[in-house]
1. How far, in degrees from 0 to 90, does helix 95-106 lean away from the longest principal axis of the Cα atoms of the chain, to the nearest 10?
2. For the chain, I need the span (max minus min coordinate) of the C-alpha atoms along each principal axis, in Å, sorted largest to smallest.
3. For every other residue with a beta carbon closer than 14 angstrom to the beta carbon of T73, add +1 if it is Lys or Arg and -1 if Asp or Glu, then tell me the sum.
4. Express in whole angstrom the spacing between the alpha-carbon centres of segment 34-55 and segment 84-129.
5. Sorted by mean Cβ packing within 10 Å, highest first, what order do the peptides 102-115, 33-46, 13-26, 83-96 take?
Amino acid sequence: MNPVRVCHVEELDHDRPRCYRVNNVDVFIVRHWATIYAIENRCGHAGAPLHRGEYTDGLIVCALHGAAFRVETGEVEWTAILPPPMSEYSSSDNPRLRLFGELMEAIETLPVKRFPVTVEGDEVYILMP
Ligand code: FES
């Protein structure tokens with residue numbers, strides 16, 4: 001793994017996530033008190049940008065279908081929810097809606113990639129493969 005500089009530590013406000021593009025990867029970064037977490041900024045459900053979601057106390061909830069991930073580990077806290085009418089598409093009489101509904105129901109919510117973070121001086125680095 002190679003350390004790659006991301007930003008200056010003062011750019012990160014407590015519990016205010018940011019997104020940085022690092023080596024062509026969008027990285028979600030949040031500082032919680034003295035600890036900084038970095039995960040891929042791509043939802044493990046259907047790939048929405050996680051920094052557009054709701055962040056609270058170590059948990060990022062995706063804005064698109066509500067899947068939630070722990071920023072410390074990238075693990076799934078809860079899976080995506082398809083709200084009505086999307087949850088009813090798979091039983092629709094319309095074949096195109098039915099296919100869309102079946103596809104949406106088949107998408108798993110997977111963990112997101114986590115990147116180890118180091119701070120040297122006032123510079124934030126993440127370790128990338
Ligand atoms: S894309 Fe994030 S929950 Fe569906």
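Values in this text are rule-based calculations from the coordinates and carry no lab data. Quick caveat, the model's predicted, so the values are computed rather than measured. Every residue, glycine as well, gets a Cβ built from its backbone with ideal geometry; the counts of neighbours run over all protein chains shown.
1. The helix 95-106 is inclined about 40 degrees to the chain.
2. That works out to 61, 27, 19 Å along the principal axes.
3. Numbers: positive: R70, K113, R114; negative: E40, E72, E75, E77.
Every neighbour counted, the sum reads -1.
4. Centre-to-centre distance over Cα atoms comes out at 10 Å.
5. On the way: 102-115: 15.6, 33-46: 19.1, 13-26: 13.4, 83-96: 11.5.
So the order, starting with the most tightly packed, is 33-46, 102-115, 13-26, 83-96.
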